[in-house]
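Asker: There's a structure below that I have some questions on.
The values are calculated or read from the model by the stated rules, or taken from the named source; none is laboratory data. Remember, predicted model here, so these are calculated numbers, not experimental data. No Cβ is skipped: glycine too gets one built from the backbone with ideal geometry, and neighbour counts run over all protein chains shown.
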Amino acid sequence: MHEVSLARAVWRQVEAEMARHPGRGLLAMDLVVGAFSGADPESLAFALSLLVRESDWPDADVRIRTEPLTMACCACGREFTPEHFDPACPACGSVDTDPIRGTDLRLESLEVETDDAETHSAR
Amino acid sequence: MPKRIRLDKAIVTENDRLAADLADRYDRAGVLVVNLMSSPGAGKTTLLEATARRLAGAFRMAAIEGDLATDRDTRRIIDAGMPCRQINTGGGCHLNAVQVREALDAYDLRDLDILFIENVGNLVCPAAFDLGEHRRVVVSSTPEGDDKPIKYPVAFRLADCVVLNKTDLAGATDFSADAFRGYVRDIKADLPVLEVSCKTGDGLAGWFQWVKEAREALGPPAPDAE
């Protein structure tokens, strides 16, 4: 329901990064959407596609990967992906567990144009 | 040849930034802020009315009300003795930090012990919008069914307390309090469930106690940075 504002936040981040690489084109962006992030990947992809289309790089790909919720058990250290968000540790039964992955929305990477010469030069 | 730039940056929204500012402001003023969420009609306003009446002597309290339309709930809370400021969201399905910041102009936070924010009735979107609050409370009610916690896991997972209202109607609706508590445990094992009936007053003492303890846990105002 709020993916438009999330898409804007993602886009601000993309533009800030692209400003550091003037003259380059944006080819693709990779996002990770956690299962417990509260964001819907399809709505987010749709909202971002509209921003991309209006941008300087209208053909850039929006790639979204979903990340399952991963919990860690504070008692035995086991990491697990809970079914139906059941937080109890499947190994030892402890309910002292914390989510460690799958709770946020991340901009993982950007793919930008560059020339061959530059790929060999140090950044 | 394309070049990959690895960022791995968590997306911080404008709302997150503003919410962090609000949280600072609450702490500097030393006011406990409680964000109440529920489906429409679960009893958030009735709970606040009861709170206004019962705790008026103990704390200086105020409220912010979120609704799509009308100031009906604000009038009810004011009638119960608590200052209240209405936010009408129009089509908006949740309160955001910008709206709360504007509504705060009505109050001098240093004159308050507790500020309640009654969110728009909705168990989906409000959960995703931090308002800088110290505590989140989900109000659920027996006619909604005992499986609410697993159907709306995000709201329950992020809550600090669940108030189960309308226990006086449980018999009429085949509601199982044991099943409800089981589902809450499945989502968040240590989440307290307070069974109340705002209509009969049953169990409200537990809620008042929770509010008092939350207020005590906050302690005095944070020293000013300047």
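Asker: Determine whether A:Asp86 is more than 7 Å from every other protein chain (Cβ to nearest Cβ), more than 15 Å from B:Lys3 (Cβ to Cβ), at pLDDT below 85 and out of contact with any Pro (no Cβ under 8 Å at 6 or more places or on another chain).
Answerer: no
Asker: Taking the options B:Arg17, B:Arg75, B:Arg28, B:Arg54, name whichever one is more than 19 Å from B:Ala155 (Cβ to Cβ), within 14 Å of chain A (Cβ to nearest Cβ) and in a helix (DSSP H, G or I).
Answerer: That would be B:Arg17, the only listed residue that is more than 19 Å from B:Ala155 (Cβ to Cβ), within 14 Å of chain A (Cβ to nearest Cβ) and in a helix (DSSP H, G or I).
Asker: If I go through the range B:128-163 residue by residue, how many of them are surrounded by fewer than 20 Cβ atoms within 10 Å (Cβ to Cβ), under 30 Å from B:Ala29 (Cα atoms), more than 10 Å from the chain's Cα centre (by Cα) and away from chain A (no Cβ under 14 Å)?
Answerer: The qualifying residues number 0.
Asker: Please give the number of the condition A:Gly102 fails out of (1) in contact (Cβ under 8 Å) with a residue 40 or more places away in the chain; (2) crowded, with 18+ Cβ neighbours inside 10 Å; (3) within 11 Å of chain B (Cβ to nearest Cβ).
Answerer: (3)
Asker: Of all the residues that make up the range B:20-49, how many are under 21 Å from B:Asp113 (Cβ atoms) and touching a Leu at 6+ places or on another chain (Cβ under 6 Å)?
Answerer: Residues meeting the conditions: 6.
Asker: Right, something else. Go through the range B:189-205 and give me each residue that's within 17 Å of the chain's Cα centre (by Cα) and under 24 Å from B:Tyr152 (Cα atoms).
Answerer: Listed by number, the residues that qualify are B:Leu191, B:Pro192, B:Val193, B:Leu194, B:Glu195, B:Val196, B:Cys198.
Asker: Can you tell me which residue within the range B:178-197, out of those that are of a type in the set (Val, Ile, Thr) and closer than 12 Å to B:Arg157 by Cβ, is farthest from the other protein chains (Cβ to nearest Cβ)?
Answerer: In this case the residue turns out to be B:Val184.
Asker: Quick check, is B:Ala179 under 25 Å from A:Ser94 (Cβ atoms), modelled with pLDDT of 95 or more and crowded, with 20+ Cβ neighbours inside 10 Å?
Answerer: It is false that B:Ala179 is under 25 Å from A:Ser94 (Cβ atoms), modelled with pLDDT of 95 or more and crowded, with 20+ Cβ neighbours inside 10 Å.
Asker: Those residues that are facing another protein chain (nearest Cβ under 7 Å) and either at pLDDT below 85 or within 30 Å of B:Lys151 (Cα to Cα) (or both), I need them from the range A:109-123; list them, please.
Answerer: Across the range A:109-123, the qualifying residues are A:Thr114, A:Asp116, A:Thr119.
Asker: Could you list, in sequence order, all residues of the range B:36-51 that are of a type outside the set (Gly, Ala, Ser) and either touching a Lys or Arg at 6+ places or on another chain (Cβ under 7 Å) or assigned to a strand (DSSP E or B) (or both)?
Answerer: Result: B:Leu36, B:Met37, B:Thr45, B:Glu49.
Asker: On to the next question. Can you pull out every residue in the range B:109-127 that is more than 13 Å from chain A (Cβ to nearest Cβ), touching a residue at least 60 places away in the same chain (Cβ under 8 Å) and over 21 Å from B:Gly203 (Cβ atoms)?
Answerer: Listed by number, the residues that qualify are B:Leu109, B:Arg110, B:Leu112, B:Asp113, B:Leu115, B:Ile117, B:Asn119, B:Gly121.
Asker: Additional query: Please enumerate the residues belonging to the range B:173-188 that are in contact with a strand residue (DSSP E or B) (Cβ under 8 Å, 6 or more places away or on another chain) and in a loop (DSSP other than H, G, I, E, B).
Answerer: Answer for the range B:173-188, where residues must be in contact with a strand residue (DSSP E or B) (Cβ under 8 Å, 6 or more places away or on another chain) and in a loop (DSSP other than H, G, I, E, B): there is none.
Asker: Return the total of residues in the range B:192-226 being in a loop (DSSP other than H, G, I, E, B), surrounded by fewer than 18 Cβ atoms within 10 Å (Cβ to Cβ) and at negative phi.
Answerer: The qualifying residues number 11.
Asker: Oh, and also: Give me the pairs: first residue in the range B:77-97 and on the phi > 0 side of the Ramachandran plot, second residue aliphatic (A, V, I, L, M), beta-carbon distance under 8 Å, and six or more apart or on different chains, which are they?
Answerer: B:Gly81/B:Ala52; B:Gly81/B:Ala56; B:Gly90/B:Leu68; B:Gly90/B:Ala69
Asker: Would you point out the residue of the range B:78-108, among those that are within 14 Å of another protein chain (Cβ to nearest Cβ) and assigned to a helix (DSSP H, G or I), that is surrounded by the fewest Cβ atoms within 10 Å (Cβ to Cβ)?
Answerer: That would be B:Val98.
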